[in-house]
Every structure is written in C-alpha cells, then in structure tokens.
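Student: One structure, as structure tokens, below. Some questions next.
The values are calculated or read from the model by the stated rules, or taken from the named source; none is laboratory data. Note that this is a predicted model, so its numbers are computed, not measured. With ideal geometry, Cβ positions are generated from the backbone for all residues, glycine too; neighbour counts draw on all protein chains shown. Just so you know, the surface numbers come from the protein's heavy atoms only, side chains and all, with ligands and any DNA or RNA stripped out. Shrake-Rupley method; radii C 1.70, N 1.55, O 1.52, S 1.80 Å.
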Amino acid sequence: ARDLARIEAARAPFRAHQWQAGPLIAVGVTGGEAHQVLNPADPADVVGQVVLCAAEDVEAALAAARVWDAPATERAAVLNRAADLYEARFGELFAVLAREAGKTPRDAVAELREAVDFLRYYAARGLDDERAARGVFSCISPWNFPLAIFSGQIGAALAAGNGVLAKPAEATGLVAHLAVQMLHEAGVPRDVLQLLPGHGAVVGAALTGDARVNGVCFTGSTATAQRINRAMAKGMAADAPLIAETGGLNAMIVDSTALPEQVVRDIIASAFQSAGQRCSALRCVYIQEDIAPSLTRMLFGAMDELTLGNPWAHETDVGPVIDARAQADFAAYLDQAQAEGRILHRVNAPETGHFIGPAVVQVRGLSDLKREIFGPVLHVATFKADQIDAVVDAVNASGYGLTFGLHTRIDGRVEQVTARLKVGNAYVNRNQIGAIVGSQPFGGEGLSGTGPKAGGPSYLPRFKTVERLESPAQDGEAVDVAEVQA
Ligand code: UN1
C-alpha cells in the first residue's frame with residue numbers, strides 16, 4: 001500500500017514534465033553521434049537523445065580520472081545525500097524508467113528502492129574499513145536495471161574511494177544521465193565520476209583495456225564478461241580485478257507436495273515479471289510428472305489473466321521487451337519452437353510496441369536450452385519421483401549458477417537438494433527474483449559471475465587494495481537459502 005501511495009504521489013506532480021512526453025533534452029559529452037532513445041512500448045515516442053562518446057572523449061576522461069581522496073565519512077555523507085536526491089526526485093526517475101526502459105510501476109518502484117538501498121548500504125560499509133582505494137574503476141552496466149545496478153556498481157566503487165568511469169547500456173543513457181546528475185549535485189566531484197555513454201567497441205574497449213584503469217565492474221552477458229577478461233589480461237595490471245555478474249539458466253523444481261496456487265503465483269512472478277528480463281528470472285521449471293497436467297492448466301489460466309501493455313498503467317503486469325531486436329529474436333525463437341510443436345501456451349501481445357506475449361515451451365530439460373533466453377519465455381520439463389537427484393545434476397551441468405527455486409513440503413528435501421546444488425541464490429517456497437540489498441546479497445557461481453555478491457559484506461572489499469585483507473573475498477558466502485513458509 002505504501003508503494004501505491006508513493007506512485008500516486010509521484011504521478012500527480014511529475015516535477016519535470018519534459019520526462020513525461022515530447023522529446024527530451026540531448027545529453028552527452030561532445031557533439032558526437034547521437035543515439036535516439038525510443039520508448040519500447042511505443043517506438044513512435046522519441047524519448048530523447050544521448051550523444052555518444054567518441055574515442056577522444058574517452059581518452060580525455062581517462063586522462064582526467066582520479067581517486068576520490070575525501071575522508072570515508074565525507075564520501076558516505078555524499079552518497080547518502082545522493083540517495084536523498086533519488087528519493088526526492090522519484091517522479092522524474094520513475095517516468096524515465098517507464099518511458100526509456102519500459103518498466104511497469106511495480107518494477108520501477110522496486111528498482112528505485114534498490115538503487116537507494118545500494119547507495120545507503122555501501123555508504124555505511126565504506127566506513128567499516130580504511131584500506132586504500134584501488135584507483136579508477138570502469139563500471140559497465142546493463143539496461144535491465146539501468147538505475148539499480150548502475151548505482152550499485154558506482155556506489156560501491158565510490159564508497160571505497162575509487163574514481164569511476166561509468167558506461168551505461170546504450171538503451172538506457174537517459175536514466176543514467178539523471179542519476180549521475182544527482183550524484184554530482186550531491187557532491188561527487190566531476191572528475192571522480194564521469195559518465196561515458198557509447199558503443200562497446202569504442203567506450204567499452206577503452207575502459208577494459210587501458211593500464212590507467214585499476215579494476216572493472218561489469219553486469220551483463222557471460223560472453224561479454226569473457227571478452228572483458230581477455231582485454232584486461234592484455235591491457236591492464238595483473239592484479240586488476242574483474243567483478244562480474246553475468247547470465248543464468250535458472251531452474252525451479254516443483255515436487256508433488258507443493259501448493260499449486262502458490263507455485264503458479266511464484267512461477268508467474270519469476271518468469272514473467274519484468275517481461276522475464278532479469279538475470280535472476282526463471283527459465284526452466286521441472287514439475288513432478290503426476291501433478292504436471294493440473295499445474296500447467298492452472299498456470300496457463302493465470303497467464304491468460306496477465307495484462308500486457310503500457311508500462312505507465314497501474315494494471316499492467318508485463319511491459320515490453322527492450323527493443324526491436326530483442327522482439328525479433330524472441331519471435332524467431334518462438335516460431336522455431338512452434339514449428340517443432342513445442343509451444344504449450346502463448347499469450348497474445350499488443351500489436352504496437354516491442355511486446356512478446358508470455359509463452360511456455362516444452363523441453364526435456366535445461367540441456368535443451370542452448371543459451372540464456374532473456375525474456376518472457378518459460379520452459380517446462382517433467383520428472384519422476386525418483387529422479388530428483390538427476391534433476392539437480394542437470395541444473396549443475398548447465399554450468400551456470402545464479403538463482404534456483406524449490407517448491408516442496410517434504411522434510412529434509414531442502415537440505416538434500418541445496419547441499420549438492422551449485423548456485424548463488426536458492427529460494428524455497430517463494431518466487432526467485434528480487435534479492436534484497438543487505439539482507440539477501442545477490443550473485444552467481446560458475447558461468448554466472450565472479451562473486452562476491454552485490455549488496456553483501458564481501459562486495460566492497462574487492463574495490464579496495466588487498467593489504468590487510470585476511471580472508472578471501474567469498475568466505476562465509478555459501479548458498480543463501482531464503483525460505484518462506486506459506
Ligand atoms: C539482473 O537481472 O541483471 O534478484 C540482476 C533480482 C535482481 C536481479 C538483478 N537483483 O531479481
């Protein structure tokens with residue numbers, strides 16, 4: 001109810017009307033190439049323009065970059081002030097998250113809260129340890145959490161006293177611009193935090209292969225993280241860390257003791273909220289054979305009740321995917337599945353805008369998924385009562401290890417399954433998205449990331465020099481099991 005009240009409050013004034021309609025101001029460094037930001041729900045709506053950095057802009061930023069030599073207490077005060085500004089200017093951020101990134105009210109509110117939490121959390125942790133900053137960090141962030149992950153990376157690097165060169169995703173340069181404006185206004189010096197929107201080949205390459213950079217923080221695909229790793233090995237000091245949070249092929253196991261209504265609710269949230277565009281999202285649910293027909297029938301009925309459409313609207317459950325390319329990619333994927341007779345259910349999508357109707361595709365198991373499917377497509381497999389260990393093996397065999405869900409009411413099964421599982425975040429009898437800064441740190445194993453977990457106690461130390469660090473960064477961070485009993 002508090003969230004809804006805040007949305008209503010934010011809707012009424014919308015302090016800056018220019019964020020709501022009509023072309024926005026152009027933002028960027030110099031008069032270089034301009035990137036048009038189009039509303040993914042309505043591509044005829046030009047949200048604004050972001051001027052992209054050319055090679056010489058990146059060079060100038062690298063030359064000017066410096067550590068933040070203010071005392072830790074002052075850095076914390078500035079980051080808390082930035083969090084205050086995010087809260088005070090909620091309406092603008094909310095509007096840009098909807099128009100630029102297609103966020104529904106619920107997702108936009110959650111994202112704003114997460115961004116504020118990250119800033120306050122790292123501000124507080126930065127006071128714990130006075131080791132020196134590493135130097136200058138490149139922070140490279142994704143479009144799916146263009147405020148929360150963007151601010152989390154930057155907040156951690158700054159709280160530790162580093163300088164930051166931040167490259168936002170090309171699709172979401174406007175919200176990044178607003179956030180950086182607020183961080184500067186709060187008191188982060190301009191040469192300590194520089195925003196560098198641009199192409200991966202120009203900005204990304206320079207930020208990951210230059211000896212003046214002392215560490216890279218990246219969230220995005222596993223393939224890009226591997227490329228960054230190679231670039232860093234060539235161009236940067238051997239001790240420069242790569243802190244990466246990457247993809248996932250996330251599974252859920254539902255055995256026949258699970259509560260069907262709860263499972264359906266949690267599958268809908270995990271697979272289709274944010275149009276499935278979360279690295280934590282559920283991609284493949286394994287349902288015990290004897291309950292599969294009744295459970296999938298209920299699931300398909302619930303899917304038909306989802307409202308797709310304008311992300312501004314209160315009633316919208318599922319917004320658009322990020323752009324025309326993503327839409328075409330999913331359409332082709334689903335056409336192929338259709339041709340193979342594997343589509344079990346599909347919801348109609350609005351005709352205008354980059355929408356994909358949530359869909360369910362039949363598979364034998366995770367091994368049928370050749371890559372991360374970053375959208376509202378859920379895969380379903382079944383298993384027999386005596387195959388639970390084999391399913392856990394299949395989940396581990398994917399090589400990814402980000403999130404995992406288990407629905408069961410059998411004594412000892414949680415321990416049986418999670419003891420063997422190699423994932424960063426396991427969820428029992430609840431949905432498997434929406435990690436909470438501080439109380440439930442988030443990160444993956446294997447192909448899903450380098451660790452340490454964001455929003456957890458080991459994260460900030462990785463942004464500091466290693467002297468006086470007594471234990472490896474990931475100590476004490478085994479699988480987190482967040483359990484909710486219904
Ligand atoms: C991502 O989708 O890139 O727990 C990571 C969650 C989010 C996931 C963010 N923190 O759902």
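Student: Restricting attention to the range 363-468, which trypsin sites (Lys or Arg not before Pro) occupy a DSSP loop and are surrounded by at most 10 other Cβ atoms within 10 Å?
Tutor: Passing both the DSSP loop test and the Cβ count: Arg364, Lys370.
Student: What are the semi-axes of the equivalent ellipsoid of the chain, taken as the square roots of 5 times the eigenvalues of the Cα gyration tensor, listed largest first and rounded to whole Å?
Tutor: Computed over the chain, the values are 36, 27, 21 Å.
Student: Give me the accessible area per residue for the range 167-308, probe 1.4 Å, as a whole number in Å².
Tutor: Counting only protein heavy atoms, the per-residue value for the range 167-308 is 33 Å².
Student: Something else: Under a straight-distance cross-link criterion of Cα-Cα below 28 Å, which lysines are reachable from Lys464, leaving out those fewer than 8 residues away in the same chain?
Tutor: Output for Lys464: Lys167, Lys234, Lys422, Lys453.
Student: In the range 30-89, what percent of the accessible surface is made up of carbon and sulfur (1.4 Å probe, ligands and nucleic acids excluded)?
Tutor: Carbon with sulfur: 55 percent of the solvent-accessible area.
Student: Using the Karplus curve 6.51 cos²θ - 1.76 cosθ + 1.60 with θ = phi - 60°, what ³J(HN,Hα) values do you get for each residue of the range 207-222, in whole Hz, with x for Gly and Pro?
Tutor: 6, 10, x, 10, 5, 6, 9, 9, x, 10, 10, 9, 10, x, 6, 4
Student: Now for a different question. Taking 0.36 nm per residue of sequence separation and subtracting the Cα-Cα distance, how much length would be gained by fully extending the chain between His314 and Lys234, in nm to one decimal?
Tutor: So the extension gain works out to 23.9 nm.
Student: Round to a whole number: what % of the accessible area of the range 191-324 belongs to carbon and sulfur, probe 1.4 Å?
Tutor: Solvent-exposed carbon and sulfur of the range 191-324 make up 54 percent of the total.
Student: Shifting gears a bit: Please work out the Cα center distance from the range 410-450 to the range 226-271, rounded to the nearest Å.
Tutor: 10
Student: Let me ask something else about it. What shape does the range 95-226 have by the C-alpha gyration tensor, where a ≥ b ≥ c are the square roots of the eigenvalues, rounded means a/c under 1.5, and otherwise prolate means a/b greater than b/c and oblate the rest?
Tutor: oblate
Student: Enumerate the amide H contacts of Phe383 below 5 Å, restricted to partners 5 or more residues apart or on another chain; note that Pro and chain-start residues carry no placed amide H.
Tutor: Distant-sequence amide H within range of Phe383: Ile287, Gln288, Glu289.
Student: Can you work out the accessible area per residue across the range 353-420, with the rest of the protein chains kept in place, probe 1.4 Å, in square angstrom?
Tutor: I get 39 Å² per residue for the range 353-420.
Student: Report the gain in length on full extension from Asp69 to Arg297: 0.36 nm times residue separation, minus Cα-Cα distance, nm rounded to one decimal.
Tutor: 76.1 nm
Student: Could I ask something else about it? How high is the relative contact order of the chain? Use alpha-carbon pairs under 8 Å, at least six apart in sequence, and give a whole percent.
Tutor: 16
Student: Same structure again: In degrees, nearest 10, range 0 to 90: what is the angle between the Cα axis of helix 72-88 and the longest Cα principal axis of the chain?
Tutor: Rounded to the nearest ten degrees, it is 60.
Student: Of the accessible area of the range 337-434, with the probe set at 1.4 angstrom, what percent is carbon plus sulfur?
Tutor: Heavy-atom surface of the range 337-434 belonging to carbon and sulfur, 1.4 Å probe: 46 percent.
Student: Have a look at the DSSP beta bridges in the chain and tell me what percent are antiparallel, nearest 5.
Tutor: Bridges in the chain that DSSP calls antiparallel: roughly 25 percent.
Student: Could you tell me the relative contact order of the range 101-160? Use alpha-carbon pairs under 8 Å, at least six residues apart, and round to a whole percent.
Tutor: Value for the range 101-160: 49 percent.
Student: Work out from phi, with θ = phi - 60° and the Karplus expression 6.51 cos²θ - 1.76 cosθ + 1.60, the ³J(HN,Hα) of each residue of the range 142-158, listed in order in whole Hz, and give x for Gly and Pro.
Tutor: With the stated coefficients, the range 142-158 comes to x, 7, 7, 10, x, 10, 5, 5, 3, 6, x, 4, 5, x, 5, 4, 6 Hz.
Student: Tell me the angle of helix 90-101 to the major Cα principal axis of the chain, expressed in degrees between 0 and 90 and rounded to the nearest ten.
Tutor: Roughly 60 degrees, rounded to the nearest 10.
Student: Here is a further query. Can you give the helix-only mean residue ellipticity at 222 nm for the chain, where every DSSP H stretch with n ≥ 4 adds -39500 (n - 2.57) and the sum goes over all residues, rounded to the nearest 500 deg cm²/dmol?
Tutor: That calculation yields -11000 deg cm²/dmol at 222 nm.
Student: If I fit a long axis through the Cα atoms of helix 388-397 and take the longest principal axis of the Cα atoms of the chain, what angle between them do I get, 0 to 90°, rounded to 10?
Tutor: Helix 388-397 and the main axis of the chain meet at about 30 degrees.
Student: Continuing with the same structure: Sorting Thr352, Thr257 by accessible area (1.4 Å probe), largest first, what list results?
Tutor: Order by accessible area, largest first: Thr352, Thr257.
Student: Ignoring the sites themselves, what is the longest stretch of the chain with no GluC sites (Glu not before Pro) in a DSSP loop and at most 11 other beta-carbon atoms within 10 Å?
Tutor: Result for the longest clean stretch: 131-304.
Student: Given Cα pairs under 8 Å that are at least 6 residues apart, what percent is the relative contact order of the range 248-289?
Tutor: Answer for the range 248-289 is 63 percent.
Student: Quick one: order Thr403, Thr382 from most to least accessible surface, probe 1.4 Å.
Tutor: Largest to smallest exposure gives the sequence Thr382, Thr403.
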